[in-house]
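A short write-up of the structure that comes next.
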Amino acid sequence: SDRIVNQATVNYTVGMNGFTLNSNVATTRVDEVIDVSVVWQDAANVTVDPGDTNQVLTFRVTNTGNGTETFTLSGNSTIGGGQFNPSLVGLYLDTNGNGVYDTGIDVQYVPTVNDPMLAADKSITVFALNDIPGGVSDGDLGNCQLTATSNTGTGAPGTLFANAGQGGTDAVVG
């Protein structure tokens, strides 16, 4: 709910008579907080060989805000910090919710077409598939990053989007 309703009640006694009084009802509107968490789910680095294709990394995207929110996803396999850059093939949504990439079952993510809509505290598993270049050496590392961005808006914490929150409330970046 986007509203908190409060009313105070006081009970008192004067002599032998008991009385109860209620205050006016106070209603407070709660703004929507936009917040998201993206966590890499693989237990360790994923072992690959030179020239491997469609190597899977697993991520969990969680709406940590307090309202239903739709997110745009983006992958980046050229972030540096390793000895090679994988080639991002695509992002896939865990359509059947089993946490494991299933070829032909899990649907490829296409921005603005199937952006995940998540209620507060709900999650979705997202798979990033990468091809591995030839010529990498044993022990070389390549990095891939997944980013989730609110379709309502982005900005520094505290950025306000008037009337853009759930139920017509304001939305605030968390």
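Each Lys and Arg contributes +1 and each Asp and Glu -1, all at the Cβ; summed about the Cα centre of the chain, the dipole is approximately 780 debye. Which one, V46, L21, Q7, is farthest towards the positive end of the dipole of segment 1-70 when Lys and Arg carry +1 and Asp and Glu -1 on their Cβ? Farthest towards the positive end: L21. Kindly identify the chain as rounded, prolate or oblate by the Cα gyration tensor criterion: order the square roots of the eigenvalues as a ≥ b ≥ c, call it rounded if a/c is under 1.5, otherwise compare a/b with b/c, prolate if a/b is larger, else oblate. Prolate shape, in that a/c is at least 1.5 and a/b is the bigger ratio.
Positive contributions from Lys and Arg (+1) and negative ones from Asp and Glu (-1), summed over other residues with Cβ under 15 Å from the Cβ of D138, come out at -3.
Near the amide H of V89, within less than 5 Å, lie the amide hydrogens of L129, N130, D131, all on another chain or at least 5 residues away, with H placed in the peptide plane.
Charge tally for T70 (other residues, Cβ to Cβ under 13 Å; Lys, Arg +1; Asp, Glu -1): -2. Converting phi to 3J(HN,Hα) with the Karplus coefficients 6.51, -1.76 and 1.60 and the offset θ = phi - 60°, segment 113-128 yields 8, 9, 4, x, 9, 10, 5, 3, 6, 9, 10, 9, 8, 10, 10, 9 Hz in sequence order, with x at every glycine or proline. The residues of segment 29-169 present an accessible area of 52 Å² per residue when probed at 1.4 Å with all protein chains retained. A simple spin-label model places the labels of V14 and V56 7.4 nm from each other, with each point 7 Å out along Cα-to-Cβ.
The values are calculated or read from the model by the stated rules, or taken from the named source; none is laboratory data. Since the model is a prediction, treat every value here as computed from it, not as a measurement. When we count neighbours, we look across all protein chains shown, and the Cβ atoms used for this are built from the backbone with ideal geometry, even at glycine. Surface areas here come from the heavy atoms of the whole protein model, side chains and all, with no ligands, DNA or RNA. Shrake-Rupley method; radii C 1.70, N 1.55, O 1.52, S 1.80 Å.
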